[in-house]
Amino acid sequence: MPSRIEDLLRRRSETQRVSEERARTLHEQGKLTVIERLNLLLDPDSLIPIGRYVLHRATGFGMELRKAYGDGVIAGLGSVNGRRVAVYAQDFTFMGGSVGEMHAYKIARTIETAVKLGIPVIGLNDSGGARIQEGVDSLKGYGDIFYRNVMASGVVPQIVAILGPCAGGAVYSPALADFIIMTRKSYMFITGPKVVKASIGEDISTEELGGAEVHASKSGVAHFVVEDDREAVNLIKKLISYLPSNNAEDPPFLETKDSPYREDPTLDSIVPEDPAKPYDVREIIGRVFDYESFLEVHANFAQNAVVGFARLGGHGVCVVANQPAVMAGSLDIDSSDKISRFVTFCDSFNFPIITFVDVPGFLPGSFQEHHGVIRHGAKIIYAYADATVPKITVILRKAYGGAYIAMGSKHLGADFVLAWPTAEIAVMGPEGAIEIIYKKELESAENPEELAKTFVEKYRNEIANPYVPASRGYVDDVIIPRETRAYLYKLLTFLMDKREKQPRPPRKHGVPPV
Ligand code: HXC
């Protein structure tokens, strides 16, 4: 027996080994080894490996001689600040973290196990993509992973950190997950700069093509950008603290010293009197929710909208808002994608959705129309109407036209709609509206500017205010801004146990305008 145990111990020591030389290279690149990453992420001694002694079974291209226990990925179950998770972490030092048949098998099994156990999946990705030597077996492996990603979607949260290269088909498993965190040194693309040059003649650097900045601000592929591996792990821990472990649980409650009945008089003067003046909606969010509880998602992408997690009296909620400080808060293609995806995630995982509206409409123009603002904008309508979680909407200022309807209106199933006294709810803003309805009068007026002012005043008094929609029951209450936190908290405590009254018509699934 002792010799058998010695043999086992020798093999075990091989399963998580990264050579000193390889580790030094990674450290020089500002990266950590796979084991260092897992040690930072998981509670001490909590890792239970999946497929510890797995070996690839490829032949040819010298593969018989290139074997290592684990096949380039450490996978298993563990805990993060006491929360149970499933995790896999790719080891770039073994064949560039490339994904072969058995490497993929371990990742697929990890996701499958997470679904069975109802726990989040965390991926630490660092890979050159499909293992070239394994040909179609490698592609099959990716397919198996993608299938598990889709089956896990909306059942358990999936978080992926991109900590190195992520090329080719490797990008699609992260893209099927719920959140992507990229370090500044990482990159993601379908084809690298060399292939881009060869196929379409475009000269572009790795960073410009698929660096973290690009994906966080332009493509929207990345939800978060962090400096390095350590920051990525810290962010994963923070994100997990907001998320339920599965779709049958509520978001975790976190005791707070911030009284839910606190009133904030500053809120009364944040929205400027002049409707043309911008302000930062994040200031309102910061003052309404529990102190420093707002975790913004997609902060650099489509900044004309703001989405993120927050807590109210300790309860986890999702926050969606227009951002008047950017493009006057108008909705466009990217912000429609950002909002609709977030609303759908929040609905899947039982987060009440609190929406703050200040939106002049959808952005006009040929670029938006030709790139499908109709199709993308419809996603917001679909997502809100489809969501069955508690939905509370606060109209801060402008709520015009289709954008009013789309942004969590009563008509799409909001449970409660509140308005600040500054709210203007109408088909369009006063200036545009009077030019249409009083066209003849303005054309024939001696002093059109003076007359226009009178018409704008009339329009505001008779149409663009919160009391007209309130008189029809589309706004439940008009509140003083300082009361918002306490009001929302009281509503939330009632709506927590909301169940949809009307069963929906049976169907396999809807067909969202994706
Ligand atoms: C097999 C790979 C590999 C791969 C890297 N390696 N990528 N082995 N298959 N896909 C190996 C290298 O041979 C090398 O082995 C080691 O990993 C480290 O790679 P280096 O090139 O030395 O490192 P670096 O200079 O840092 O460059 C990393 C890299 C580069 C940018 C990722 O290796 C690269 O471009 N790899 C190919 C990326 C790619 O095109 N992937 C897409 C594959 S197609 P040694 O023996 O020297 O340690 C795909 C489609 C799948 O993924 C579709 C699924 C639906």
- Task: Highest first, please rank the peptides 247-253, 144-150 by the mean number of other Cβ atoms sitting within 10 Å of their residues.
- Result: 144-150, 247-253
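Using the alpha carbons of the chain, what is the convex hull volume per residue in cubic angstrom, as a whole number?
On the way: hull volume 96.1 nm³, N = 514.
With only Cα atoms used, the chain gives 187 Å³ per residue.
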- Using the structure shown, list the pairs from LYS218/LYS277; LYS218/LYS379; LYS67/LYS106; LYS185/LYS238; LYS238/LYS508 with a Cα-Cα distance above 23 Å, or answer none. LYS218/LYS277; LYS238/LYS508
- Query: Long-range amide H contacts for LYS398: which residues qualify at under 5 Å (H placed 1.01 Å from N, peptide plane, sequence gap of 5 or more or a different chain)?
  - Reply: VAL359, GLU424
- Where the Cα pairs of the range 3-242 fall when distances are cut into 5 Å bins, in %: 1, 7, 14, 19, 20, 18, 11, 6, 2, 1, 0, 0, 0
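Which of the DSSP-defined H helices in the chain satisfy a minimum axial length of 27 Å, computed from C-alpha atoms, and a minimum mean Kyte-Doolittle hydropathy of -0.5?
Values: long enough: none.
Helices passing the filter in the chain: none found.
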- Rounded to whole Å and sorted largest first, what semi-axes of the equivalent ellipsoid does the C-alpha gyration tensor of the range 249-375 yield via the square root of 5 times each eigenvalue? 27, 20, 9
- The farthest towards the positive end of the charge dipole of the chain, of the residues GLY51, VAL34, VAL514, given +1 on Cβ of Lys and Arg and -1 on Cβ of Asp and Glu, is GLY51
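Give the relative contact order (percent, whole number) for the range 3-242; include only Cα pairs under 8 Å separated by 6+ residues.
RCO, the range 3-242: 15 percent.
In debye to the nearest 20, how big a dipole does the range 365-484 give about its Cα centre with +1 on each Lys and Arg Cβ and -1 on each Asp and Glu Cβ?
Computed charge dipole of the range 365-484: roughly 460 debye.
Order 351-358, 5-12 from most to least packed using the mean count of other Cβ atoms within 10 Å. Walk me through the numbers before you get to the answer.
Details: 351-358: 26.1, 5-12: 10.6.
Descending packing order for the listed peptides: 351-358, 5-12.
At 1.4 Å probe radius, can you tell me the per residue accessible area of the chain in Å²?
Numbers: 24190 Å² over 514 residues.
About 47 Å² of surface per residue is accessible.
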- Carbon plus sulfur, as percent of the 1.4 Å-probe accessible area of the chain, comes to 55 percent
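The values are calculated or read from the model by the stated rules, or taken from the named source; none is laboratory data. These numbers come from a predicted model, not from an experiment. All Cβ positions, even for glycine, are placed from backbone atoms using ideal geometry, and neighbour counts span all protein chains on display. For the accessible areas, the whole protein counts, side chains as well, though only heavy atoms, and no ligand, DNA or RNA atoms are used. Shrake-Rupley method; radii C 1.70, N 1.55, O 1.52, S 1.80 Å.
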